[in-house]
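Student: Structure in C-alpha cells, see below.
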Amino acid sequence: MKNHYDQPIGNLVHGWVTREMPIKKILEGRYCYLERITPEKHFEDLYEVYGPKSATENWTYLPLDKFEDPADFSAYLETVSRSKDPLHYAIIDKMTQKALGTLALMRISPEQGTIEVGFVIYSDRLKKTRIATEAQYLAASYAIGELGYRRYEWKCDSLNEPSKKSALRLGFVFEGVFRQALIYKGRNRDTAWFSIIDSEWPEVKRRLESWLDPENFTQDGKQKKSLWTC
C-alpha cells in the first residue's frame, strides 16, 4: 500500500476502537481456572510455589527471587493483588482446588491493542501438564478472543531456553532479540520477543483446543498428539 507521495505505508486498520482493560475475576477452563490473586485465599498454596521449598534454579531467569520469609511474601501478595497492570492470576487445579502457579497480563495498551503475558511462575507439579497449557490458552483467549487485543506478547531472557521453547510450542512467533535490554540481578539481559497477532489466533486456538481435548490423552494421561502435530 502506498500514499499519494508513492511511499509505502501500513494497511489501514478499519473500525479500530480502544479496547477494554482486562478486569475479569475468573477465567474458566476444563482442567483449571485462573482466579485473581487474593492474599487470604492463596497465601498458603502460593508460598509453596514462591517460598523456601521452591528449587533455587527455578528463579534464575525471573526478576525476583524466592521468598524466605512468610511476612515478606504476604506483603508481596498484598501488592500484586491490588495491581491492575500487571494483573495477576493464580492458576487453580480444578481437581484439588490448589493454586499451582501464577501468570499475569501486563504492559497493557488498550489504545494500541497490545498486551503481554508475564510473571509465569509454575510449581514443579504444574510444569509440563495439561493445566499449564490450558492456563496459557485461557489468558490468550481472554486477551485476544474476548477483549479483542490485536497483539499478544511473550518476552524472556534470550538465554532462557525452556521459556523460548514454551513460547514456540504455544504458537508464538519469534521476532528477534533486544540486545542489552535490561539489567537484573546484576546481570545483562538480552530479551527475546515473541508474539501472536489476532489474524493468527484462530489457528493457534484450534491447535490448543485440539491438544487439550480429553480424547487426545490416554487413560494414563499421555498425549496422543503433540501441539506441533494437532
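Rule-based calculations on the coordinates, nothing more; no lab input. Quick caveat: nothing in here was measured; it's all calculated off a predicted structure. Virtual Cβ from ideal backbone geometry, glycine too; neighbours counted across all protein chains shown.
Student: Counting only residues that are part of a loop (DSSP other than H, G, I, E, B) and in contact (Cβ under 8 Å) with a residue 24 or more places away in the chain, which one in segment 24-50 is surrounded by the most Cβ atoms within 10 Å (Cβ to Cβ)?
Tutor: Filtering first and then ranking leaves ILE37.
Student: Just a yes or no: is a residue in segment 202-225 farther than 19 Å from TYR33 by Cβ, surrounded by 16 or more Cβ atoms within 10 Å (Cβ to Cβ), in contact with a Gly (Cβ under 8 Å, 6 or more places away or on another chain) and of a type in the set (A, V, I, L, M)?
Tutor: Within segment 202-225, one or more residues are farther than 19 Å from TYR33 by Cβ, surrounded by 16 or more Cβ atoms within 10 Å (Cβ to Cβ), in contact with a Gly (Cβ under 8 Å, 6 or more places away or on another chain) and of a type in the set (A, V, I, L, M).
Student: So, one more: Check SER54 against each of (1) closer than 16 Å to PHE73 by Cβ; (2) of a type outside the set (Asp, Glu); (3) in contact with a Leu (Cβ under 9 Å, 6 or more places away or on another chain); (4) surrounded by 15 or more Cβ atoms within 10 Å (Cβ to Cβ) and name the one condition it does not meet.
Tutor: (3)
Student: Select from segment 51-78 the residues that are in a helix (DSSP H, G or I), closer than 19 Å to VAL120 by Cβ and of a type in the set (Asp, Glu) and list them in ascending order.
Tutor: GLU57
Student: Restricting attention to segment 192-201, does a residue exist that is touching a residue at least 60 places away in the same chain (Cβ under 8 Å), under 17 Å from the mean Cα position of the chain (by Cα), buried (at least 19 other Cβ atoms within 10 Å of the Cβ) and farther than 14 Å from GLY118 by Cβ?
Tutor: Looking for residues that are touching a residue at least 60 places away in the same chain (Cβ under 8 Å), under 17 Å from the mean Cα position of the chain (by Cα), buried (at least 19 other Cβ atoms within 10 Å of the Cβ) and farther than 14 Å from GLY118 by Cβ, one finds at least one in segment 192-201, hence yes.
Yes/no matrix, rows are residues, columns are (1) more than 30 Å from THR218 (Cβ to Cβ); (2) assigned to a loop (DSSP other than H, G, I, E, B):
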{"site": "VAL80", "(1), (2)": "yes, no"}
{"site": "ASP85", "(1), (2)": "yes, yes"}
{"site": "LEU103", "(1), (2)": "no, no"}
{"site": "ILE108", "(1), (2)": "yes, no"}
{"site": "VAL117", "(1), (2)": "no, no"}
{"site": "ILE131", "(1), (2)": "no, no"}
{"site": "GLU153", "(1), (2)": "yes, no"}
{"site": "ASN188", "(1), (2)": "yes, no"}
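Student: Kindly establish whether ILE121 is in contact with a Cys (Cβ under 8 Å, 6 or more places away or on another chain) and part of a strand (DSSP E or B). Walk me through it before giving the result.
Tutor: On the way: in contact with a Cys (Cβ under 8 Å, 6 or more places away or on another chain): no; part of a strand (DSSP E or B): yes.
No.
Student: So which residues in segment 74-133 are under 20 Å from LYS24 (Cβ atoms) and of a type in the set (Lys, Arg), if there are any at all?
Tutor: Of everything in segment 74-133, those that are under 20 Å from LYS24 (Cβ atoms) and of a type in the set (Lys, Arg) turn out to be ARG82, LYS84, LYS94, ARG107.
Student: Could you run through segment 57-96 and say how many residues are without any contact (Cβ under 8 Å) to a residue 24 or more places away in the chain, of a type in the set (Val, Ile, Thr) and crowded, with 17+ Cβ neighbours inside 10 Å?
Tutor: Adding up the residues that qualify gives 0.
Student: Would you tally the residues in segment 155-176 being in a helix (DSSP H, G or I), surrounded by 18 or more Cβ atoms within 10 Å (Cβ to Cβ) and either more than 15 Å from the chain's Cα centre (by Cα) or not small (Gly, Ala, Ser) (or both)?
Tutor: 2
Student: Considering only segment 37-69, state which residues are touching a Gly at 6+ places or on another chain (Cβ under 7 Å) and either of a type in the set (Val, Ile, Thr) or farther than 22 Å from GLY186 by Cβ (or both).
Tutor: VAL49
Student: A further question on this structure: From ARG151, ARG169, which residue is touching a Gly at 6+ places or on another chain (Cβ under 9 Å) and touching a residue at least 24 places away in the same chain (Cβ under 8 Å)? Give the derivation first.
Tutor: Values: ARG169 fails: touching a Gly at 6+ places or on another chain (Cβ under 9 Å).
Among ARG151, ARG169, only ARG151 is touching a Gly at 6+ places or on another chain (Cβ under 9 Å) and touching a residue at least 24 places away in the same chain (Cβ under 8 Å).
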